[in-house]
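Structure, as structure tokens:
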Amino acid sequence: MSTSLTVRDIDPADTSWLRREARHVGVSMEEFVRRLIHEKRTKTEDWPKPSEAFARHFGERHGVELPTSARFGYRPLPLAE
């Protein structure tokens with residue numbers, strides 16, 4: 001199964017850059033674009049959770065105690081009439 005992708009209104013400088021880089025690597029321009037897309041997807045798939053990033057930068061090794069994880073939900077207050 002073969003699919004094709006057409007990119008319109010691309011900057012000619014970008015096209016020439018893609019051709020040069022693909023020629024330098026020794027693959028077709030289409031294969032080079034496939035590899036760029038794959039590389040970008042693999043880099044962005046494993047983004048850390050905000051709590052993991054916080055722990056990495058401000059965790060116990062850096063002298064900060066992190067709060068325990070807990071689930072907080074909405075609990076309405078009962079109103080007395």
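Computed values, structure above
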item: Boolean, Glu52 is open to solvent by 100 Å² or more (accessible area, probe 1.4 Å), at negative phi and modelled with pLDDT of 70 or more; result: no
item: Qualifying positions in the stretch 22-39 - part of a loop (DSSP other than H, G, I, E, B) and more than 17 Å from Thr6 (Cβ to Cβ); result: Gly26, Val27
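The values are calculated or read from the model by the stated rules, or taken from the named source; none is laboratory data. Because the structure is a prediction, the values reported are computed rather than measured. Here Cβ is always computed from backbone atoms with ideal geometry, including for glycine, and neighbour counts include all displayed protein chains. We work out accessible area using only protein heavy atoms, side chains counted, and drop any ligands, DNA or RNA first. Shrake-Rupley method; radii C 1.70, N 1.55, O 1.52, S 1.80 Å.
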